[in-house]
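Have a look at the structure below, then the notes.
The values are calculated or read from the model by the stated rules, or taken from the named source; none is laboratory data. Just so it is clear, the structure is predicted and the values come from calculations on it, not from any experiment. Cβ: placed from backbone, ideal geometry, glycine included. Neighbour counts: every protein chain shown.
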Ligand SMILES: Cc1cc2nc3c(=O)[nH]c(=O)nc-3n(C[C@H](O)[C@H](O)[C@H](O)COP(=O)(O)OP(=O)(O)OC[C@H]3O[C@@H](n4cnc5c(N)ncnc54)[C@H](O)[C@@H]3O)c2cc1C
């Protein structure tokens, strides 16, 4: 049984021991952290494995210790709540109820005689680690959705969430004059943070029209807190004189050594650029993202059922207890559909109650219903229109890892008969590189005439071959 989190090698033999833990939580973002602390409070022995160095996930990011940030909370909403949960994690850790394993990237979860073994790559030495638990909660969050355009590979073009992450973790700005573009409420938060940190933001370029929310009035009225948040972001833009261009998109980035300007065009309802509306905005950085995509490799590797969401992504199909379709596997947070940090916290708590065999308090389930309703409205409003590929010239790179331009993908579809993203991948190598299609997947699927399917891979991250060679035969 594992004893020391600082000694990953101690975990190697855990797969052959009795299930050491009642619950393994994969991911220490808002969902995983809330679940772990709640489950430990309800008497379960919990292991938390997280690829990051500190708890908090994508939302609660810690400035690197060497930067000496005096007020990390200044860049976050709800830092006090996070600090309270992190303190609870430490208390449970000292009492032996939680084993917290940072820098443990889980590459597979495999069934193992009534329990589950988590296989991980641990620490900078990439040690092999394995750990058994009777139940598993997958809280692996999401990553950014990118819709490519000519020039998106230029230095100075960063993800919108990536810009926020640079600021929260590194206290750096991607540039001095930063256009923020794409779609989704994250853009407003990012523009506000960049401007507050001293960047000039010439424009926020939002591809959707906010009037799309009008069709979801009941969900909006049930979430006055979200409306107040939107109003706060809106007034910050007005105060800082940041232009908000809705139903517009960045259709090209220009520059030689780095981005120097972007072309912005007005879009029709399907996100097709309208002729004659293009204009240039000078900038030295572009922060661009079109929402988030649930990170599902571990879950789909286990065969968990998925569902198509309002924003056009694929999420896990979960029941009211946060159970997946595979008995013994639960999930919470963005894996069940993009909905934000508050929803992730609530779902983590509900899952912990269910795993401990306790009914979740009605206040929690009511809050989840309200926030999920808002998430559906948000997803529908910001779902990319089919016409976005209209800004993708044939020479624009789509798969950055394998350097596959849009023209080659179109050729695979029109001339070689590819009808889905998988066939396009086999014909062009798009999605076969280091990122394994996380960046180009939605674009390749759209060019192939469909929607992205569930991510299916046997390994969720790169694994040294020696780890595979060491596996006991049952896990092969
Ligand atoms: C780049 C980025 C920036 C964002 N910025 C903002 C923002 O500024 N404001 C805002 O409101 N929302 C932001 N969001 C959204 C917000 O972070 C989420 O709504 C919230 O964090 C969801 O919580 P979660 O617990 O579901 O997932 P996350 O917070 O994403 O946590 C998932 C955790 O799982 C870990 N993990 C994933 N896979 C594995 C694995 N195989 N093995 C081990 N660990 C694993 C990750 O390291 C991470 O710690 C951002 C999202 C992204 C992707």
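Among residues belonging to segment 61-73 that are touching a residue at least 60 places away in the same chain (Cβ under 8 Å) and part of a loop (DSSP other than H, G, I, E, B), point out the one that is nearest to the ligand (Cβ to nearest atom).
61
Restricting to segment 167-184, give me the number of residues that are near the ligand (Cβ under 10 Å from one of its atoms) and either at pLDDT 95 or above or touching a strand residue (DSSP E or B) at 6+ places or on another chain (Cβ under 7 Å) (or both).
1
Taking residue 156 as the residue in question, decide whether it is at pLDDT 95 or above and either surrounded by fewer than 23 Cβ atoms within 10 Å (Cβ to Cβ) or more than 16 Å from the ligand (Cβ to nearest atom) (or both). Let's see the steps before the verdict.
On the way: at pLDDT 95 or above: yes; either surrounded by fewer than 23 Cβ atoms within 10 Å (Cβ to Cβ) or more than 16 Å from the ligand (Cβ to nearest atom) (or both): yes.
Yes, satisfied.
State all residues of segment 152-195 that are without any contact (Cβ under 8 Å) to a residue 12 or more places away in the chain and in a helix (DSSP H, G or I); if no residue qualifies, say none. Let's see the steps before the verdict.
Start the filter on segment 152-195 by keeping residues that are without any contact (Cβ under 8 Å) to a residue 12 or more places away in the chain, which leaves 166, 172.
Hit for segment 152-195 is 166, nothing else.
Given the conditions (1) away from the ligand (no atom under 16 Å from the Cβ); (2) closer than 27 Å to residue 405 by Cα; (3) modelled with pLDDT under 90, and given that residue 461 satisfies all but one, which numbered condition is not satisfied?
With respect to (1) away from the ligand (no atom under 16 Å from the Cβ); (2) closer than 27 Å to residue 405 by Cα; (3) modelled with pLDDT under 90, residue 461 is out only on (1).
Which condition number in (1) touching a residue at least 24 places away in the same chain (Cβ under 8 Å); (2) assigned to a helix (DSSP H, G or I); (3) more than 20 Å from residue 149 (Cα to Cα) is the one that residue 442 fails?
Evaluating residue 442 over (1) touching a residue at least 24 places away in the same chain (Cβ under 8 Å); (2) assigned to a helix (DSSP H, G or I); (3) more than 20 Å from residue 149 (Cα to Cα) leaves (3) as the failure.
Are any residues in segment 332-347 near the ligand (Cβ under 7 Å from one of its atoms) and in a helix (DSSP H, G or I), and if so, which ones?
333, 334, 335, 341, 344, listed by residue number.
For residues in segment 291-312 being under 30 Å from residue 202 (Cα atoms) and within 12 Å of the ligand (Cβ to nearest atom), which is farthest from the chain's Cα centre (by Cα)?
Ranking the qualifying residues of segment 291-312, first place goes to 291.
Looking at (1) surrounded by fewer than 21 Cβ atoms within 10 Å (Cβ to Cβ); (2) at pLDDT 95 or above; (3) near the ligand (Cβ under 10 Å from one of its atoms), which is the only condition residue 163 fails?
(1)
Inside segment 123-151, can you point out the residues that are more than 21 Å from the chain's Cα centre (by Cα), within 15 Å of the ligand (Cβ to nearest atom) and assigned to a strand (DSSP E or B)?
127, 128, 129, 130, 131, 133
Mind listing just one residue for me: the one in segment 45-55 that is over 12 Å from residue 136 (Cα atoms) and crowded, with 24+ Cβ neighbours inside 10 Å and, of those, nearest to the ligand (Cβ to nearest atom)?
50
Going by what's in this entry, would residue 354 be described as away from the ligand (no atom under 16 Å from the Cβ), farther than 17 Å from residue 140 by Cβ and surrounded by fewer than 23 Cβ atoms within 10 Å (Cβ to Cβ)?
Values: away from the ligand (no atom under 16 Å from the Cβ): yes; farther than 17 Å from residue 140 by Cβ: yes; surrounded by fewer than 23 Cβ atoms within 10 Å (Cβ to Cβ): yes.
Considered against the rule, which asks whether it is away from the ligand (no atom under 16 Å from the Cβ), farther than 17 Å from residue 140 by Cβ and surrounded by fewer than 23 Cβ atoms within 10 Å (Cβ to Cβ), residue 354 comes out as yes.
Could you grab me the full set of residues in segment 294-304 that are under 29 Å from residue 250 (Cα atoms) and surrounded by fewer than 24 Cβ atoms within 10 Å (Cβ to Cβ)?
The one that is under 29 Å from residue 250 (Cα atoms) and surrounded by fewer than 24 Cβ atoms within 10 Å (Cβ to Cβ): 295.
Within segment 100-112, is even one residue more than 30 Å from residue 409 (Cβ to Cβ) and more than 14 Å from the ligand (Cβ to nearest atom)?
For segment 100-112, residues more than 30 Å from residue 409 (Cβ to Cβ) and more than 14 Å from the ligand (Cβ to nearest atom): present.
Report, by residue number, each residue of segment 17-43 that is in a loop (DSSP other than H, G, I, E, B) and surrounded by fewer than 24 Cβ atoms within 10 Å (Cβ to Cβ). Explain how you work it out, then say what you get.
Just the residues of segment 17-43 that are in a loop (DSSP other than H, G, I, E, B), to begin with: 17-20, 27-29, 42-43.
Hits for segment 17-43 are 17, 18, 19, 20, 42, 43.
When you look at residue 87, is it in a loop (DSSP other than H, G, I, E, B), surrounded by fewer than 20 Cβ atoms within 10 Å (Cβ to Cβ) and more than 16 Å from the ligand (Cβ to nearest atom), yes or no?
No: the conditions fail for residue 87.
Could you list, in sequence order, all residues of segment 94-112 that are in contact with a helix residue (DSSP H, G or I) (Cβ under 9 Å, 6 or more places away or on another chain) and closer than 18 Å to residue 35 by Cβ? Full working, then the answer.
First pass over segment 94-112, keeping only residues in contact with a helix residue (DSSP H, G or I) (Cβ under 9 Å, 6 or more places away or on another chain): 95, 97-101, 103-104, 106-110, 112.
Matches in segment 94-112: 95, 97, 98, 99, 100, 101, 104, 106, 109.
Taking the criterion of being within 16 Å of the ligand (Cβ to nearest atom), over 25 Å from residue 25 (Cβ atoms) and not in a loop (DSSP other than H, G, I, E, B), would at least one residue in segment 315-331 satisfy it? Give the steps one after another, and end with the answer.
Of the residues in segment 315-331, the ones within 16 Å of the ligand (Cβ to nearest atom) are 315-316, 318, 322, 324, 329-331.
Still in the list and also over 25 Å from residue 25 (Cβ atoms): none.
There is no residue in segment 315-331 that is within 16 Å of the ligand (Cβ to nearest atom), over 25 Å from residue 25 (Cβ atoms) and not in a loop (DSSP other than H, G, I, E, B).
If a residue must be assigned to a helix (DSSP H, G or I) and in contact with a strand residue (DSSP E or B) (Cβ under 8 Å, 6 or more places away or on another chain), how many such residues does segment 410-439 contain?
So the first thing to find is which residues in segment 410-439 are assigned to a helix (DSSP H, G or I), and the list is 410-414, 421-428.
In the following step, the residues that additionally are in contact with a strand residue (DSSP E or B) (Cβ under 8 Å, 6 or more places away or on another chain) were identified as 428.
Of the residues in that region, 1 qualify.
Going through segment 57-84 one residue at a time, which ones are closer than 12 Å to residue 34 by Cα and surrounded by 17 or more Cβ atoms within 10 Å (Cβ to Cβ)?
In the first step, residues of segment 57-84 are kept if they are closer than 12 Å to residue 34 by Cα; the result is 57, 81-84.
Residues satisfying the conditions are 57, 82.
Pull up segment 229-244, narrow it to residues that are touching a residue at least 24 places away in the same chain (Cβ under 8 Å) and outside any helix (DSSP H, G or I), then point me to the one that is nearest to residue 181 (Cα to Cα).
Ranking the qualifying residues of segment 229-244, first place goes to 244.
Given the criteria more than 28 Å from residue 216 (Cβ to Cβ), more than 16 Å from the chain's Cα centre (by Cα) and either assigned to a strand (DSSP E or B) or within 15 Å of the ligand (Cβ to nearest atom) (or both), does residue 280 qualify?
Values: more than 28 Å from residue 216 (Cβ to Cβ): yes; more than 16 Å from the chain's Cα centre (by Cα): yes; either assigned to a strand (DSSP E or B) or within 15 Å of the ligand (Cβ to nearest atom) (or both): yes.
Judged against the criteria, residue 280 is a match.
Has segment 135-142 got any residue that is farther than 18 Å from residue 33 by Cβ and either in contact (Cβ under 8 Å) with a residue 60 or more places away in the chain or surrounded by fewer than 24 Cβ atoms within 10 Å (Cβ to Cβ) (or both)?
Let us first name the residues in segment 135-142 that are farther than 18 Å from residue 33 by Cβ, namely none.
No - not one qualifying residue is present in segment 135-142.
Would segment 369-386 turn up any residue that is without any contact (Cβ under 8 Å) to a residue 40 or more places away in the chain, in a helix (DSSP H, G or I) and surrounded by fewer than 20 Cβ atoms within 10 Å (Cβ to Cβ)?
Within segment 369-386, one or more residues are without any contact (Cβ under 8 Å) to a residue 40 or more places away in the chain, in a helix (DSSP H, G or I) and surrounded by fewer than 20 Cβ atoms within 10 Å (Cβ to Cβ).
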